[in-house]
Amino acid sequence: MSALVELDSVTVILGGARVADCVTLSVRSGEIVALLGPNGAGKTTLLRVAQGLQDHQRGSVKLGGEAPRLLSARERALRAAYLPQRPQAVWPVSVEALAALGRYAHGAAPERLGPRDRAAVDAAIEACALTPLRKRRMDEISGGERARAHLARALAQQAPLLALDEPTAGLDPAQALGVAEIFRKHAEAGGGVLFSTHDIALAARVAHRVTLLSYGRIVAAGAPEAALSEAALTEAYGRKGRLVRVEGALTAVFE
Amino acid sequence: MRLSLALTALSLCALFAALWLGPAPIADPFAGDVRTHTIVWEVRFPRALTAWLVGAALGLSGAALQGLLRNPLADSGVLGLSGFAALGAVIAFAFGFAAFAPIAALLFALAAAMLVTVLGWRARGPASLVLIGVGLSSLSGGLIALALNLAPNPGALADLVNWTLGSVEGRSLNDVALVGGLLALGAVLVAFAARGLQALTLGEEAAAAIGADLGRTRVLVVLGAAACTGGATAVAGVIGFVGIAAPHLVRAIAGHDPARLLLPSALAGGALLVCADIAVRLLPTDAELKLGVAAALIGGPVFALIAARLAGRGGDA
């Protein structure tokens, strides 16, 4: 089974700085992979490269087996659903109209949804616990609800890969765990998830593998408990930290 | 859809009223005598139809530009497209190529649309985009003055200045055909961009990520807005604010989806301008008030209101 996304020795130079330096990572069907690292470590850049939204200078990128820059926007959207770090709703459309934009690559528009589109949108809204709010306008709901509406848009796309940039930023702990649940279901159904986060505990809990970055380089990669060693955390974040187990769940503690 | 039907009905009512109402009293616009026939079908009908088509073209290009630039303050007038179109027409008139005025208006509107899209694509917030438009508008004003200065035939100058103020007085069926044809062309181009405009609700990056071809959307809207503005300006001079007011009024009923605003905005723009033109004709002023002036008197405050509301939200569209 080929990888949903595969970055091989990818280097990205932006404004003279190496924001990604020889990074190799992949997400296979059924896998959840977390990108960790301090601000500016290159997490967003890697997600954008994977989606073909950002050029790379060296290395190779494969999205569903092909170079994303050679695919049309539509073909990319059918292979990966991308959620930017600060998702926008420029116009205050309804929650369901926003989620329905995820069906764009399937040829549907919010006012013209086929039965399959409608089912996908309904399922995405349900998964994000937004059913009671689906008719509400994006400027009438809370920040956490907005974040979930954008996640619902990405889910409605029904792409094999979810490439999500800090999908749990601004969510309370219970909602963040709800998102983790969504990831698990997506992976169990044969999809893959690549997401960036500052929530090390969440990553350790939900991800099969983590990639810890610092200054564009991989500091450690692998299963969370093995990869997030004291040395790796300290090197990446510049502050002495370690993973501890509290009542069965892993969390990171920094001095 | 219901809104579009209602606006179509409103447009038809306004057009009928425009045939009936005017400085010369007419009891029955469908009476058979020569005087009535001349006034109604040779003067009022082409004038009213021109007003509707110009309003529709400006309303449509306003709605499309607002969707593309994700900014409720965008329209052909504010962004300088109308000013540039007028500049093109003035140059053609002033230098004795009156026959090429529509083409010149079209090309200059296109140049302005491309400029504003390139400069405004990365504009942060609505204010900076409006500033770009202000710059282009002032530039076109200055260049119009320059063209008039250099014109070999000063006799026509007063007429030209008058023309740039915007009016549909004395327009013929030829004018109707010109603006109608360009509106139809613009409408087709913009219709193909509708889904892309919808995708842009998510912002540029996410729109590309859901599969929208933004380059295509940009080209279609720029060409469509230029066709609409070029046609409207070539026929009627500069008429501002219809492109802002129409989508703004329609949003209150139809919601904010940019694709679903296009048709109602065109219909509302048409109805709006026919009504404004009736008002201009009925007002008992010595010289008839210019339609462009009337539009600015109504539209200016609307513009200020939207801008103030946006500023109240922290300047973010």
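A few notes on this one:
- Test: residue in the stretch B:45-56 that is open to solvent by less than 10 Å² (accessible area, probe 1.4 Å) and over 28 Å from B:H248 (Cα atoms): no
- Scanning the stretch B:279-292 for residues that are closer than 30 Å to B:M1 by Cβ, part of a helix (DSSP H, G or I) and touching a Leu at 6+ places or on another chain (Cβ under 6 Å) turns up nothing.
- Any hit, the stretch A:15-25, residues being within 14 Å of another protein chain (Cβ to nearest Cβ) and either free of Cβ contacts under 8 Å to residues at least 24 places away in the same chain or under 23 Å from A:R146 (Cα atoms) (or both): no
One line per residue, one yes/no per condition, for (1) open to solvent by 20 Å² or more (accessible area, probe 1.4 Å); (2) over 30 Å from A:A231 (Cα atoms); (3) at pLDDT 95 or above:
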position	(1), (2), (3)
A:M1	yes, yes, no
A:V5	no, no, yes
A:V19	yes, no, no
A:V33	no, no, yes
A:K43	no, no, yes
A:L47	no, no, yes
A:D55	yes, yes, no
A:P68	no, yes, no
A:S72	yes, yes, no
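- B:S4, sole failed condition from (1) away from every other protein chain (no Cβ under 14 Å); (2) assigned to a helix (DSSP H, G or I); (3) of a type in the set (S, T, Y): (1)
- Within the stretch A:7-17, being surrounded by fewer than 15 Cβ atoms within 10 Å (Cβ to Cβ) and in contact with a Cys (Cβ under 6 Å, 6 or more places away or on another chain) holds for one residue alone: A:S9.
- The single condition from (1) within 14 Å of chain A (Cβ to nearest Cβ); (2) assigned to a helix (DSSP H, G or I) that B:H256 fails is (2).
This table checks each residue for (1) in contact with a helix residue (DSSP H, G or I) (Cβ under 7 Å, 6 or more places away or on another chain); (2) crowded, with 24+ Cβ neighbours inside 10 Å; (3) closer than 27 Å to A:R76 by Cα.
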position	(1), (2), (3)
B:V219	no, no, yes
B:A227	yes, yes, no
B:G230	yes, yes, no
B:A236	yes, yes, no
B:G243	yes, yes, no
B:A246	yes, yes, no
B:R251	yes, no, no
B:A254	yes, no, no
B:S265	yes, yes, no
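- Selection from the stretch A:57-66 of residues that are in contact with a Pro (Cβ under 8 Å, 6 or more places away or on another chain) and either closer than 17 Å to A:I218 by Cβ or buried (at least 22 other Cβ atoms within 10 Å of the Cβ) (or both): A:V61
- All of (1) buried (at least 22 other Cβ atoms within 10 Å of the Cβ); (2) out of contact with any Gly (no Cβ under 8 Å at 6 or more places or on another chain) hold for B:S61 with one exception: (2).
- Flag if B:T285 is away from chain A (no Cβ under 14 Å) and either surrounded by fewer than 24 Cβ atoms within 10 Å (Cβ to Cβ) or out of contact with any helix residue (DSSP H, G or I) (no Cβ under 9 Å at 6 or more places or on another chain) (or both): yes
- Residue match in the stretch A:127-147 (condition: among the acidic types (D, E), more than 12 Å from chain B (Cβ to nearest Cβ) and within 19 Å of A:V193 (Cα to Cα)): no
- Meets criteria (part of a helix (DSSP H, G or I) and within 11 Å of chain B (Cβ to nearest Cβ)) for A:A105: yes
- Checked against the criterion of being in contact with a His (Cβ under 7 Å, 6 or more places away or on another chain), within 24 Å of A:L171 (Cα to Cα), assigned to a strand (DSSP E or B) and not hydroxyl-bearing (S, T, Y), the stretch A:233-243 contains not a single residue that satisfies it.
- In this entry, B:G96 is excluded by the filter for residues that are open to solvent by less than 20 Å² (accessible area, probe 1.4 Å) and on the phi > 0 side of the Ramachandran plot.
- Hey, A:G114 small (G, A, S), more than 13 Å from chain B (Cβ to nearest Cβ) and open to solvent by 30 Å² or more (accessible area, probe 1.4 Å) or not: no
- Qualifying residue in the stretch A:76-85 (condition: free of Cβ contacts under 8 Å to residues at least 40 places away in the same chain, crowded, with 17+ Cβ neighbours inside 10 Å and farther than 30 Å from A:T24 by Cα): no
- One residue stands out among those in the stretch A:41-94 that are closer than 30 Å to B:L261 by Cα and of a type in the set (S, T, Y): the one that is nearest to the other protein chains (Cβ to nearest Cβ), which is A:Y82.
- The numbered conditions (1) touching a Lys or Arg at 6+ places or on another chain (Cβ under 6 Å); (2) at pLDDT below 95; (3) within 27 Å of A:R184 (Cβ to Cβ) are all true for A:A99 except (2).
- Number of the exception - A:G238 against (1) at positive phi; (2) at pLDDT below 95; (3) of a type outside the set (D, E, K, R); (4) open to solvent by less than 50 Å² (accessible area, probe 1.4 Å): (4)
- Verdict on A:Q157 being within 14 Å of chain B (Cβ to nearest Cβ) and of a type in the set (S, T, N, Q): yes
- From B:V190, B:V168, residue being open to solvent by less than 20 Å² (accessible area, probe 1.4 Å), under 16 Å from B:A57 (Cβ atoms), at pLDDT 95 or above and not small (G, A, S): B:V190
- Within the stretch B:201-218, the residues that satisfy the criterion of being part of a helix (DSSP H, G or I) and at the interface with chain A (Cβ under 7 Å from one of its Cβ atoms) are B:T201, B:L202, B:E205, B:A206, B:A208, B:A209.
- Scan of the stretch A:208-221 for residues that are open to solvent by less than 20 Å² (accessible area, probe 1.4 Å) and at positive phi, ordered by number: A:G216
- Near pairs, Cβ below 7 angstrom, 6+ apart or cross-chain, from the stretch B:8-36 (more than 14 Å from B:R47 (Cα to Cα)) to any residue that is among the hydroxyl-bearing types (S, T, Y): B:I26/B:T36; B:P29/B:T36
- Members of the stretch B:158-185 that are among the aliphatic types (A, V, I, L, M) and touching a residue at least 12 places away in the same chain (Cβ under 8 Å): B:L160, B:V161, B:L165, B:V168, B:L173, B:V176, B:L178, B:V179, B:L182, B:L183, B:L185
The values are calculated or read from the model by the stated rules, or taken from the named source; none is laboratory data. Not measured: the values here are computed from a predicted model. Methodologically, a virtual Cβ is constructed for each residue, glycine included, from the backbone with ideal geometry; neighbour enumeration extends over all protein chains shown. Note: areas computed on protein heavy atoms with side chains; ligands, DNA, RNA excluded. Shrake-Rupley method; radii C 1.70, N 1.55, O 1.52, S 1.80 Å.
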